[in-house]
Amino acid sequence: MEEIDTPQEAAVRRVPESRTSGKTWYPHTLMSDLVLYSAHDGIAVLTVQNPPVNALSPGVPEGILDGLAKAAQDDSIGAVVLIGGGRSFIAGADIKEFGKITSGEKKRGVGLAPLLAALEDSPKPVFAAIHGQAFGGGLEVAMACAYRVAVAAANVGQPEVKLGIIPGAGGTQRLPRLVGVAKAVEMCQFGNPVRVPAAAQLGLIDQVIEGDLLQGALAFARSVAAKPVLRVRDRNGKLGTPEVHAAVFAAARAEASKKQRSLQAPLAAIQAVEAAVALPFDQGIEEEARLFEDCLFSSQSKALIHVFFGERTVAKIPDVPKDTAVYAIRSAAIIGAGTMGGGIAMNYANAGIPVLLKETSQAALDKGMATIRKNYAASVAKGRFPQETMDRRMALITPTLAYDGFENAGIIVEAVFEGMALKKEIFATLDGIAKSDCILASNTSTLSIDEIASATRRPQMVVGHHFFSPANVMRLLEIVRGKATSKEVIATSMGLAKTLGKVGVLVGNCRGFVGNRMFGPYRREAQFLVEEGADIEAVDRAMYDFGMAMGPLQVGDLAGLDVGWRIRQEFKHLEIPGVRKPLLEDRLCEMGRYGQKTSAGWYAYDENRKPKRDPLVEELIATVRREAGITPRAIGADEIRDRLLFALVNEGARILEEGMALRSVDIDIIYINGYGFPAHRGGPMFHADATGLGAVYARVAEFHRQHGALWTPAPLLQQLACDGRTFAEFPYQEKANA
Ligand code: 3H9
């Protein structure tokens, strides 16, 4: 067999052992490059082979269609099993194709309809055999089959809304017919996966297979193939009427307005399921197609698809190849049990990694452990996980006042407050304790990793792991590369981020790294706007309306105004005389108003942390304006939004040009996962590209004329605007060599 290399033979070799159980050998025919055909004692098996996730790329639907036609013509065949090779059934439509449709490169409208019709009307019943994922178009294909069987570990779902679209191949019409209206609305509106045992209970899966999937599917097919099949499109028993389900749709819309603020796709998904209830099947399909296309051509969908690929792109580091050796991290130690240290410890415990948590006083340690316990208990109370999970996680965290045990840790994370002298002292101590292959990470949010590393004799093992508050919740992890950080440490950190459930983004070592460096100008402008006359609430409202999770002043109160105050003191020597600096937050801190933690900052907070205006702050603003000689003026939401967003973008352009971020999408992913930037806007750099860099540059230049040096346009922004290009196209060199 080794010498023969006809396509058919090659295809046989590509069928994984597990699909054939290694027991019986069946000859396979290649229907297309992407779908294999084999006959198994009267049952045709179509195996999709489109790694890594068997997306429905061009050629896959055609291959399945060919297979169905071949099975239909073969009298010895009584049924067809459709199965995925590799790690999943079918993870959905090929998302890369959507961009080709919206750009006009590819014809719109054909979709999967011919395939679905052929599956549904096949004279030989088709059985979808599911492992891994049946997502999006994958589940839609499965629902057009006569039966669905699956292994218990598989997931099914309609995640399209996460890409800003809705199911476009009958999902919103067939799903309610199988699982009922309320569940279908939930699945299409939120897009979360459903595990197979639950899906079986809902009626979406006909049989859960134990053991080998293909053998189980073949056995099931043999047991039912002769029975008459009721097509899913004809099963109306669970549909009810619009009146019966009016409350379900109303509740879903109310939930969307709260949890999916400003998003188009969830509302479209609800409307499409509503059409399933109100209209005959074919008209429902037409309504779904119309809504699908509206969403596909929306700016939200383009942004969300950019984010989908962006989250995967950030894992790719040009000079750290995929096969770079990594250190095994079996245990961790954390210095500092404050808000950050405690949250970081929870991440490790959640991932099953035992962790030592060190403090300098028993009181601080007790407080830190109590906070962790309280956070876990809140999750148990909300039903996120059972008490045993909490107990197991708590048991993985060992509080300590000493360095005992640190010598065994695979990674040590320093999470003490922002002070270079203290950090260097700690790293010098760690250098004497940690094993030679232990990663030494600092959770600093602004300080130089190189300077911290200089306190050790192993700067190659030192890296920044900048978590975001609350560290047990926020997905972002900035991984800061010092000039000596080894590739192995970077590769391990990127993998570790995944293990901890984070999105790791590699950034360069500059003050504030990427996220906080950009956040500085953003929050600076928020304060300037207030000094110049804007209302505090108007500033926050403008950004909330843009889609930010919170306005910039509220974020300051949440994070703690004292953090920035401390940092400004640390960097006082870098202040440039004569350059305008914000006045208000230092003054708030001097009044002891650190934000939510002191129940007072920009706002006053009640016991439920609800912000309200505070006359004391208004008085302070009036005083500061008077002292600075500012005559307040009316400032509209447009100016607030542009000043804040373009402050981000202008700094982002400098970061990009300096190479502190690898690509503009890395900045976008940082802002979406760490700073509450709305994913449906694609991130600040994507938003700037979508706005047009010419327009962005013109506005920045206008602010420069009005407000002086702080608004000097970044050279890269100016250049790209002149060239009519985008941030996404930069750097040209790398793209050209890719
Ligand atoms: C849809 O189906 C619309 C329908 O209604 C039909 C309308 C007509 N397409 O995530 P990973 C790539 S919309 C193209 O790292 P994991 C991914 O970019 C679709 N590419 O692996 C990555 O590439 P690279 C609905 C895709 O194991 C590689 O595969 N379906 C697609 O952590 C590995 O991915 C979805 O939204 C795709 N559909 O997770 C499912 N999926 O290696 C989206 C993945 O070059 N996919 N890639 O970076 C997922 O949720 C996860 O990828 C999955 C695997 C859970 C499947």
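Condition (residue is of a type in the set (G, A, S), surrounded by fewer than 22 Cβ atoms within 10 Å (Cβ to Cβ), more than 9 Å from the ligand (Cβ to nearest atom) and part of a helix (DSSP H, G or I)) applied to segment 125-144: is it met by at least one residue?
The answer is no, given that none of the residues of segment 125-144 is of a type in the set (G, A, S), surrounded by fewer than 22 Cβ atoms within 10 Å (Cβ to Cβ), more than 9 Å from the ligand (Cβ to nearest atom) and part of a helix (DSSP H, G or I).
Could we say that K572 is among the basic types (K, R), under 21 Å from F467 (Cα atoms) and more than 27 Å from the chain's Cα centre (by Cα) here?
So K572 does not fit the description; no.
Residues are listed down the side, and each one gets a yes or a no for (1) surrounded by fewer than 22 Cβ atoms within 10 Å (Cβ to Cβ); (2) within 30 Å of L112 (Cα to Cα); (3) of a type in the set (S, T, N, Q); (4) modelled with pLDDT of 95 or more:
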| site | (1), (2), (3), (4) |
| --- | --- |
| A254 | yes, no, no, yes |
| E288 | no, yes, no, yes |
| V326 | yes, no, no, yes |
| A345 | no, no, no, yes |
| N350 | yes, no, yes, yes |
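Against the definition (over 17 Å from Q719 (Cβ atoms) and outside any helix (DSSP H, G or I)), how does F703 come out, yes or no?
For F703, the condition - over 17 Å from Q719 (Cβ atoms) and outside any helix (DSSP H, G or I) - is not met.
If you scan segment 160-190, which residues turn out to be within 8 Å of the ligand (Cβ to nearest atom) and closer than 15 Å to A272 by Cα?
E160, I165, I166, P167, G168, A169, G171
From (1) under 25 Å from S38 (Cβ atoms); (2) assigned to a loop (DSSP other than H, G, I, E, B); (3) out of contact with any Pro (no Cβ under 8 Å at 6 or more places or on another chain), pick out the condition that doesn't hold for K107.
Failed condition: (1).
Hey, can you tell me all the residues within segment 202-225 that are without any contact (Cβ under 8 Å) to a residue 12 or more places away in the chain and farther than 23 Å from G85 by Cβ?
S223
Taking helices (runs of 4 or more DSSP H) that do not extend beyond segment 172-250, which have at least 1 residues that are closer than 27 Å to P123 by Cβ, among the β-branched types (V, I, T) and assigned by TED's automatic domain parsing to the domain that holds R290?
213-224
How about segment 693-711: which of its residues are surrounded by 13 or more Cβ atoms within 10 Å (Cβ to Cβ) and touching a residue at least 40 places away in the same chain (Cβ under 8 Å)?
Within segment 693-711, V696, R699, V700, F703, H707, L710, W711 qualify.
Among the candidates G104, G59, single out the residue that is away from the ligand (no atom under 13 Å from the Cβ) and within 24 Å of E286 (Cβ to Cβ).
It is G104.
With the requirement that a residue be assigned to a helix (DSSP H, G or I), farther than 14 Å from Y671 by Cβ and of a type in the set (V, I, T), what does segment 619-659 give you?
Of everything in segment 619-659, those that are assigned to a helix (DSSP H, G or I), farther than 14 Å from Y671 by Cβ and of a type in the set (V, I, T) turn out to be I621, T623, V624, I640.
The values are calculated or read from the model by the stated rules, or taken from the named source; none is laboratory data. Here the structure is a predicted model, which means the values were calculated and not measured. Don't worry about glycine lacking a Cβ; one is built from the backbone with ideal geometry, like all the others, and counts go over all protein chains shown.
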